[in-house]
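Scroll down for the structure; my scribbles are underneath it.
Every number here is computed from the coordinates shown, using simple stated rules; none is lab data. All of these numbers come straight from a predicted model, not from anything done at the bench. In this analysis, Cβ positions are derived from the backbone assuming ideal geometry, glycine residues included, and neighbour counts consider all displayed protein chains.
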Amino acid sequence: MGRAERHPAGSILDAARELVLGEGVRAATVDRIVVASGAPKGSIYHRFGTLDDLLASMWLRAVRDSQDRFLAALDGDDAATDAVTAALSLFDFAREEPDDAALLVVLRREDVTRHVRSEDLRRELGTVNAPLERGVEDLTVRLHGRATRTAVEQTVLAVVDLPLGAIRRHLLARRPPPPELRDPLACAVRAALHVSA
């Protein structure tokens with residue numbers, strides 16, 4: 001059995017995320033990440049190459065987790081139920097992982113792509129939303145028979161815009177959304193989809 005990593009990548013990314021959320025992206029310097037994580041500067045550069053690659057990795061980690069939950073929710077047999085479950089997966093993500101969810105509210109892909117050096121990271125940043133877009137388009141076909149522009153907009157409103165609107169102010173205040181919002185959100189999603197409970 002191998003030795004546990006002394007400074008795992010996840011703890012370095014967590015330290016960077018805390019700096020970004022607490023003081024903004026400019027506060028996340030390598031020197032401050034070293035202090036916050038306890039990891040040596042050489043270890044940080046060895047793992048991530050550059051500060052920009054580290055920040056992109058931090059953002060991608062949060063996006064992947066959120067998207068994995070959303071897409072897994074679309075695997076059921078009933079389109080309307082899957083749509084509500086997918087929308088609620090964003091709410092649940094915000095409750096279970098409020099720091100990662102807050103990161104996605106305050107930091108856009110454009111904020112972390114400009115100076116990334118790793119070709120693999122650049123490629124992933126360029127395609128990271130493709131599975132989500134396909135999932136929403138497939139869901140739209142299941143709900144409406146075809147993915148017209150209007151139908152896609154209605155689906156996005158219900159399963160993306162409504163849950164993000166419900167959680168945003170709470171995440172900006174650095175707190176998870178209250179659990180009592182979950183049922184009203186489900187009702188709002190159903191209403192936006194024009195489906196009954």
Computed over the chain: longest principal axis from alpha-carbon atoms vs helix 9-23 long axis, angle to nearest 10 degrees, is 80
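Classify segment 57-197 from the C-alpha gyration tensor, please: rounded if a/c falls under 1.5, else prolate or oblate depending on whether a/b exceeds b/c. Walk me through the numbers before you get to the answer.
Working: a/c = 2.22, a/b = 1.29, b/c = 1.72.
Because a/c hits 1.5 or more and a/b fails to exceed b/c, segment 57-197 counts as oblate.
Normalising by the residue count of segment 85-197, find the relative contact order in percent from Cα pairs under 8 Å and 6+ residues apart.
Working: 92 pairs, mean separation 46.4, N = 113.
Relative contact order here is 41 percent.
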A correct Karplus calculation of ³J(HN,Hα) over segment 74-85, with 6.51 cos²θ - 1.76 cosθ + 1.60, θ = phi - 60°, whole Hz and x for Gly and Pro, returns 8, 8, x, 9, 10, 4, 5, 5, 4, 5, 5, 4
Rounded to the nearest 10, the angle in degrees between the Cα long axis of helix 51-72 and the longest principal axis of the Cα atoms of the chain comes to 30
Plugging the Cβ-Cβ distance of ARG123 and ARG64 into 1/(1 + (r/R0)^6) at R0 = 22 Å yields, to the nearest 0.05, a FRET efficiency of 0.95
Rounded to the nearest 10, the angle in degrees between the Cα long axis of helix 162-172 and the longest principal axis of the Cα atoms of the chain comes to 30
In order over segment 97-107: 3J(HN,Hα) from phi, Karplus 6.51/-1.76/1.60, θ = phi - 60°, whole Hz, x for each Gly or Pro, gives 10, x, 5, 5, 5, 5, 4, 6, 7, 8, 10
